[in-house]
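In what follows, a structure is listed as structure tokens, so that the remarks can point back to it.
The values are calculated or read from the model by the stated rules, or taken from the named source; none is laboratory data. Predicted, not measured: the structure shown is a model, and the values here were computed from it. Here Cβ is always computed from backbone atoms with ideal geometry, including for glycine, and neighbour counts include all displayed protein chains. For the accessible areas, the whole protein counts, side chains as well, though only heavy atoms, and no ligand, DNA or RNA atoms are used. Shrake-Rupley method; radii C 1.70, N 1.55, O 1.52, S 1.80 Å.
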Amino acid sequence: MIHARYITLFFGLISFFVLIMGCSERTGTPVSETNLKSIFPKEIWVQLYREDSIKAQPELIAEYFEDPDLNKILNWIHEGVISDFEGTIASLSILQFEYGTKEGAAEAKYIMYAATKEGGYYIKPFNITPHFNLDSYKQEDGDKLISLLGKTEWYKVERAPY
């Protein structure tokens, strides 16, 4: 009789901990480029650095939230091959991945997208800092941003599908 109570209590506690672990939300855990494959974003925002704009940079140029668009962008990212950044910057964009629930975004992840004048396309996951938000943008700012990210551990990709 005592053993049955302990067994019931034991399984009750296990069930309770499983329930608590399943309901708890982990935030602040960095998502690397390798596990972006296992997490599906709620939205993807594309922000472009533009020299001819009076707005703060980068500025939002597109927002994707439909599954076919999200899948297309994610597949494009996953086809990247690790490479060092080479070439002269033609344009820079930031892809912002919003992860969360229907109530709101829980976390955002960022990927820099660079197109070169030589026809190369590169992406690199990074942690955004105030250094990436500019009042205005000039070509030399692009060189500074690439320096902040470093020229190693980029991914060579095809031209962006958006």
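A crude spin-label estimate for the pair Ser91 and Ile54, with each label 7 Å from Cα along the Cβ direction, gives 2.3 nm. For the pair Lys72 and Lys117, a Förster radius of 30 Å applied to the C-beta separation gives a FRET efficiency near 0.70, rounded to the nearest 0.05.
Of the trypsin sites (Lys or Arg not before Pro) found in the stretch 66-146, those that fall in a DSSP loop while having at most 14 other beta-carbon atoms within 10 Å are Lys102, Lys117, Lys138. Here the accessible area is traced with a 1.4 Å probe on the protein chains. For the stretch 37-162, carbon and sulfur cover 49 percent of it.
Semi-axis lengths, largest first, of the ellipsoid equivalent to the stretch 102-162 are 22, 17, 12 Å, with √(5λ) applied to each eigenvalue of the Cα gyration tensor. Per the Debye formula with a single identical scatterer at each Cα and no solvent contribution, what log10 I(q)/I(0) holds for the stretch 49-146 at q = 0.13, 0.19, 0.25 Å⁻¹? These q points yield log10 I(q)/I(0) values of -0.52, -1.08, -1.50.
Sparsely packed loop sites in the stretch 59-125 (the GluC sites (Glu not before Pro) outside DSSP H, G, I, E and B with at most 16 other Cβ atoms within 10 Å) comprise Glu66, Glu79, Glu86, Glu103, Glu118.
How large is the accessible surface per residue of the stretch 36-127, computed with a 1.4 Å probe and reported in Å² as a whole number?
Averaged over the residues of the stretch 36-127, the accessible area is 52 Å².
Multiplying each eigenvalue of the alpha-carbon gyration tensor of the stretch 37-89 by 5 and taking the square root yields semi-axes of 24, 20, 8 Å, largest first, rounded to whole angstroms.
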